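Asker: Take a look at the following structure, please.
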Amino acid sequence: MIAQSLHMQYGKALHEIVMKSSASEQVLENLNSLAQISRDQNFLELMRKIASLPKETIKKILAKVFDGEVNNSVLNLLVLLTIKKHFQQIPKIFESYKKIYFRDKNILEISVHVAKKLQQDEENHLIQELQKRTDQKISVNFQENPALIGGVQFYERGHVTDYSIKNYLENLRKYLLATQQ
């Protein structure tokens, strides 16, 4: 049997704990926020500083820092990650938990890459059009990628649909090179 990665084990354990309550969506939001702030060097430095303190002190500090804004299960996970010095795993734990959550709720995750940030009404229109293609709920996240030059790429179910200018130019280059031979 293949051993699961540490972040997958944490994500699965957290999901099993919170699926008995109605807090799974709140945990998803909390982990998303923590994944964002865990990229901040000040946050990582704080976690390093408190990691050697007693467990109860760590819990009090983190409870004060988050001031009731995170689910208790997430707070306990954060304490555990701090003690074990695994707090760098937070973004991967979020991704693992999100994958389990989406599978459980039958939500299709679609990542949309665009050359420049879309207006809110453009995003909403694109989401509506994507929703029409499936009978599942969808979760769409938008990412900017200026290298696309223009157009859009869709990532879903492990497949890429590429309507970018970069892709068209690359295909044109390959075609022209092939016709010269």
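The values are calculated or read from the model by the stated rules, or taken from the named source; none is laboratory data. Because the structure is predicted, anything quoted here is derived from the model rather than measured. Cβ: placed from backbone, ideal geometry, glycine included. Neighbour counts: every protein chain shown. The protein model used for the area step is the full one, side chains on, heavy atoms only, and it has no ligands, DNA or RNA in it. Shrake-Rupley method; radii C 1.70, N 1.55, O 1.52, S 1.80 Å.
Asker: For residues that are more than 14 Å from the chain's Cα centre (by Cα), open to solvent by less than 10 Å² (accessible area, probe 1.4 Å) and of a type in the set (Ser, Thr, Tyr), tally how many sit in region 70-98.
Answerer: Matching residues across region 70-98 total 1.
Asker: Could you please find all residues in region 143-158 being in contact with a helix residue (DSSP H, G or I) (Cβ under 6 Å, 6 or more places away or on another chain) and under 17 Å from Phe102 (Cβ atoms)?
Answerer: Hits for region 143-158: nothing passes.
Asker: Quick one: is Arg103 open to solvent by 30 Å² or more (accessible area, probe 1.4 Å), closer than 22 Å to Ser24 by Cβ and either basic (Lys, Arg) or touching a His at 6+ places or on another chain (Cβ under 9 Å) (or both)?
Answerer: Spelling it out, Arg103 is indeed open to solvent by 30 Å² or more (accessible area, probe 1.4 Å), closer than 22 Å to Ser24 by Cβ and either basic (Lys, Arg) or touching a His at 6+ places or on another chain (Cβ under 9 Å) (or both).
Asker: May I pose another question? Filter region 146-181 for residues that are closer than 11 Å to His113 by Cβ, in contact with a Lys or Arg (Cβ under 9 Å, 6 or more places away or on another chain) and assigned to a loop (DSSP other than H, G, I, E, B) and give the result.
Answerer: Matches in region 146-181: Gly151 only.
Asker: Restricted to region 106-141, and to residues that are aliphatic (A, V, I, L, M) and part of a helix (DSSP H, G or I), which residue is most open to solvent (accessible area, probe 1.4 Å)?
Answerer: Ile127
Asker: Of the residues in region 36-57, how many are outside any loop (DSSP other than H, G, I, E, B), farther than 22 Å from Lys92 by Cα and open to solvent by less than 80 Å² (accessible area, probe 1.4 Å)?
Answerer: Of the residues in region 36-57, 1 are outside any loop (DSSP other than H, G, I, E, B), farther than 22 Å from Lys92 by Cα and open to solvent by less than 80 Å² (accessible area, probe 1.4 Å).
Asker: Another question about this same structure. Inside region 142-181, can you point out the residues that are acidic (Asp, Glu), within 20 Å of the chain's Cα centre (by Cα) and open to solvent by 50 Å² or more (accessible area, probe 1.4 Å)?
Answerer: Let us first name the residues in region 142-181 that are acidic (Asp, Glu), namely 144, 156, 162, 170.
Next, only the ones that are within 20 Å of the chain's Cα centre (by Cα) stay: 144, 156.
The one that is acidic (Asp, Glu), within 20 Å of the chain's Cα centre (by Cα) and open to solvent by 50 Å² or more (accessible area, probe 1.4 Å): Glu144.
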